[in-house]
Every structure is written in C-alpha cells, then in structure tokens.
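Before we start, here is the structure in question, set down as structure tokens.
The values are calculated or read from the model by the stated rules, or taken from the named source; none is laboratory data. Remember, it's a predicted structure, so these values are computed and weren't measured experimentally. All Cβ positions, even for glycine, are placed from backbone atoms using ideal geometry, and neighbour counts span all protein chains on display.
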Amino acid sequence: MKHLLGLKNVSKEEIKSILDDAMAMREILDSDCKKASLLAGKTIITLFYENSTRTRLSFELASKYLGAVAANIAASGSSVSKGESLIDTAMTINAMAADAIVMRHSASGAADIISRYTDASIINAGDGMNEHPTQALLDMMTITEAKGDIKGLKVAIIGDVKHSRVARSNIYGLQKMGAEVVLAGPSTLLPKQLDELGVKVYTDVEKAIEGADVVMGLRIQLERQKAGLFPTIREYSKFFGVNEQRLALAKEDAILLHPGPVNRGVELSPEVADGAQSLINHQVRNGVCVRMAVLNQLVNGKTYINR
Ligand code: CP
C-alpha cells in the first residue's frame, strides 16, 4: 500500500498484516526506551483541519518512537487561514520532502484528493463522514486482544451512525474479518443505504446489544441536536445511551469500546465508561501501536514482523 485512505478497498490480508505488526510494535511502546530506527531519516507531517487529541498525538508519538522527524500543521495557525487551498498546502508540504502526510479534514474525500498531488504517502486521519481507518484498526486490535479472534463475533455499534466515519471504517473492516455487525440509533441518525453494507439495523438499542460480544458507543455530535435530528440530549441518553442495564443484555464477557471523546452521561453512562468491561484506555494505547505499524508499512513498504 502507498496510501491508507480507508478500509473499503483494503483486503482482509492487509488488515491482518497491520494488526500483526501493531501487536509486535507493542514491545517498543512497553519498553523503557521507546526508540527504534525504522523511520530514521524520514519526515512525517500531521496536517489537521479539525480538532483532535488522540489521533494527532498518537501519530506524532508513533513517528518519534520509530525515529522519524515529526512536525504538525494546524489549519488555524497556517497559511490555510490566508486562503491557501488544500491542494496547494499539500504540494507545499510535499516540496519539503515529506515521506508521509497524515491528514484530518471536514470534507469527505479530502485525503483521496491530495493523494493525487503528492509523492508522500497519505494517511487519512478522518475525512468528513467518510472514513477513519486507523481508528477502526485500533478498535480491531483491541477486540483481537480481548477475544482472540474477530471472526464470528457480534459487534453492536450504537449511536450516530449516519455522520460517523468511525462506524463506516469499522463496518468495512469488521465484516472483512468475519464479524457480524449490527447497528442501532435514532432513525434520523441511521443512513438509508445501510442495507447495501450488509448490516442489521435496529432502532431499538436493546435488540442490537442482546448477545453482543462487543458494544461500541459512538460520540454524539451535539450540533445534531440543534439540527433537530433528535429531541433532547436527555431523551437521547434515555432511549439510546449505553448504561448498566443495557450492557447487561450483551454476553457476560462482552467488552465496551468508544472512539472518544466520550460525552459522559449521553452516549455512555459514567458507570459503564469507567466499568470493568470498558477498554477505552486500551484503545488509546493501541492507537499508538497501530499508527507505528501503518507508518512503517507505508513509508518503508514492508511489514515489521518479517523484518
Ligand atoms: N477518536 C478520535 O479520532 O479522537 P480524536 O478526535 O481525539 O483524534
């Protein structure tokens, strides 16, 4: 792979290879001296047109742990605020001999566009409502660690599926790895084309969670309430929030995931967010391993475990 724009066009074998590498990369993250030379002499630029804590920081740390030079451009402090276009910005970064550009943008397809104008590998760190591939990869790594295998698991994704790039990447990735994916949320937050993706859709959260091995809450973007897509935050939480009663409908050993940031008391009750089944902090830690694996594979063109 030259670029990672989404999981729609990534094969099961490629996903497995990234997950295997990410698990092996954990030895670097867990060591006293987090330093490898896999990306020595390489330059990784993070270009974020939207806010981020987890994705941006984990890509920066992953780059540095592998020995690369890492630099960030936030749109607000750059020439983007003077009107420079996305393509001109990407070509400017490319001219400085970047080996990879990690980009988040509010427009679906933005990463795909700049991949046509640069020599650097492009990694999509979230593009509008389209995809967030490394989030789904770190979710799959967390599931694999907890359950041994993704194949045959029931994964219930709950919330604002319509606007969620995390949901879309997880649907593509989890199905390729053999999971059954079910979705639930308010009907106004479920896109119409879900049937084409081969997932079961419920407006009743209880039915989706029943017997699930994995329950994944999605962040509710609070501006959706202002847009009239659900009546009030309190009603959303009452009918669609994952709480102890609802989580108890899943398998006894079910795990709870959330991409973050969590609106506590809205999509997850504080009890389940901090409970024994929650692997939210594991997801964050695994994010660094997955991003090390992706950077190494794209920039060096080879896997870590077969080095
Ligand atoms: N999950 C995720 O993308 O979080 P950030 O917005 O903090 O990067």
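Among residues belonging to region 274-307 that are buried (at least 20 other Cβ atoms within 10 Å of the Cβ) and among the small types (Gly, Ala, Ser), point out the one that is nearest to Asp20 (Cα to Cα).
By that ranking, first place goes to Ala293.
Considering only region 244-258, I want to know if a residue exists there that is of a type in the set (Lys, Arg), surrounded by fewer than 19 Cβ atoms within 10 Å (Cβ to Cβ), in contact with an Asp or Glu (Cβ under 8 Å, 6 or more places away or on another chain) and touching a residue at least 40 places away in the same chain (Cβ under 8 Å).
Narrowing region 244-258 to residues of a type in the set (Lys, Arg): 246, 251.
With surrounded by fewer than 19 Cβ atoms within 10 Å (Cβ to Cβ) added as a condition, the list becomes 251.
Going one step further and asking which of them are in contact with an Asp or Glu (Cβ under 8 Å, 6 or more places away or on another chain), we end up with 251.
From what's left, touching a residue at least 40 places away in the same chain (Cβ under 8 Å): 251.
Checking region 244-258: at least one residue is of a type in the set (Lys, Arg), surrounded by fewer than 19 Cβ atoms within 10 Å (Cβ to Cβ), in contact with an Asp or Glu (Cβ under 8 Å, 6 or more places away or on another chain) and touching a residue at least 40 places away in the same chain (Cβ under 8 Å).
For region 124-211, please list each of the helices (runs of 4 or more DSSP H) lying entirely inside it that holds at least 3 residues being out of contact with any Asp or Glu (no Cβ under 9 Å at 6 or more places or on another chain) and hydrophobic (A, V, I, L, M, F, W, C).
133-147, 205-209
Filter region 116-126 for residues that are surrounded by fewer than 16 Cβ atoms within 10 Å (Cβ to Cβ) and either within 16 Å of the chain's Cα centre (by Cα) or closer than 21 Å to Glu60 by Cα (or both) and give the result.
Of region 116-126, the ones surrounded by fewer than 16 Cβ atoms within 10 Å (Cβ to Cβ) are 116-117, 119.
Asp119 - this is the single residue of region 116-126 that is surrounded by fewer than 16 Cβ atoms within 10 Å (Cβ to Cβ) and either within 16 Å of the chain's Cα centre (by Cα) or closer than 21 Å to Glu60 by Cα (or both).
Here is a follow-up. Would it be correct to say that Pro191 is touching a Phe, Trp or Tyr at 6+ places or on another chain (Cβ under 9 Å), closer than 30 Å to Leu247 by Cα and of a type outside the set (Val, Ile, Thr)?
Values: touching a Phe, Trp or Tyr at 6+ places or on another chain (Cβ under 9 Å): no; closer than 30 Å to Leu247 by Cα: yes; of a type outside the set (Val, Ile, Thr): yes.
Against the criterion (touching a Phe, Trp or Tyr at 6+ places or on another chain (Cβ under 9 Å), closer than 30 Å to Leu247 by Cα and of a type outside the set (Val, Ile, Thr)), Pro191 does not qualify.
Same structure again: At least 3 residues that are surrounded by 15 or more Cβ atoms within 10 Å (Cβ to Cβ) and within 16 Å of the ligand (Cβ to nearest atom) in each: list the helices (runs of 4 or more DSSP H) lying fully within region 27-115 that qualify.
54-65
Right, here's the next one. Every residue in region 217-258 that is more than 19 Å from Glu206 (Cα to Cα), more than 16 Å from the ligand (Cβ to nearest atom) and part of a loop (DSSP other than H, G, I, E, B), please.
The answer is Ala227, Gly228, Leu229, Pro231, Thr232.
Name the pairs: first residue in region 26-48 and under 30 Å from Ser81 (Cα atoms), second residue among the charged types (D, E, K, R) and assigned to a strand (DSSP E or B), Cβ to Cβ under 6 Å, at least 6 apart or on different chains?
Taking only residues 6 or more apart or on different chains, the pairs are Phe48/Arg104.
Another question, then. Tally time: how many residues in region 220-234 are within 9 Å of Val266 (Cα to Cα) and not hydrophobic (A, V, I, L, M, F, W, C)? Can you show your working first?
First, the residues of region 220-234 that are within 9 Å of Val266 (Cα to Cα): 220, 233-234.
After this cut, where a residue has to be not hydrophobic (A, V, I, L, M, F, W, C) as well, the list is 234.
Number satisfying all stated conditions: 1.
Just need a number here: residues in region 259-307 that are within 15 Å of Gly159 (Cβ to Cβ), of a type in the set (Val, Ile, Thr) and in a helix (DSSP H, G or I).
First pass over region 259-307, keeping only residues within 15 Å of Gly159 (Cβ to Cβ): 259-269, 272-273, 280.
Remaining after also requiring of a type in the set (Val, Ile, Thr): 262, 266, 272, 280.
If we keep only those that are in a helix (DSSP H, G or I) as well, we get 272, 280.
The number of residues fulfilling the criteria is 2.
Follow-up. Starting from residues that are more than 16 Å from the ligand (Cβ to nearest atom) and acidic (Asp, Glu), keep the ones in region 145-191 and report whichever is surrounded by the fewest Cβ atoms within 10 Å (Cβ to Cβ).
Asp149
Is it the case that region 93-103 has a residue that's in contact with a Leu (Cβ under 7 Å, 6 or more places away or on another chain) and either at pLDDT below 95 or more than 30 Å from Leu174 (Cβ to Cβ) (or both)?
For region 93-103, residues in contact with a Leu (Cβ under 7 Å, 6 or more places away or on another chain) and either at pLDDT below 95 or more than 30 Å from Leu174 (Cβ to Cβ) (or both): present.
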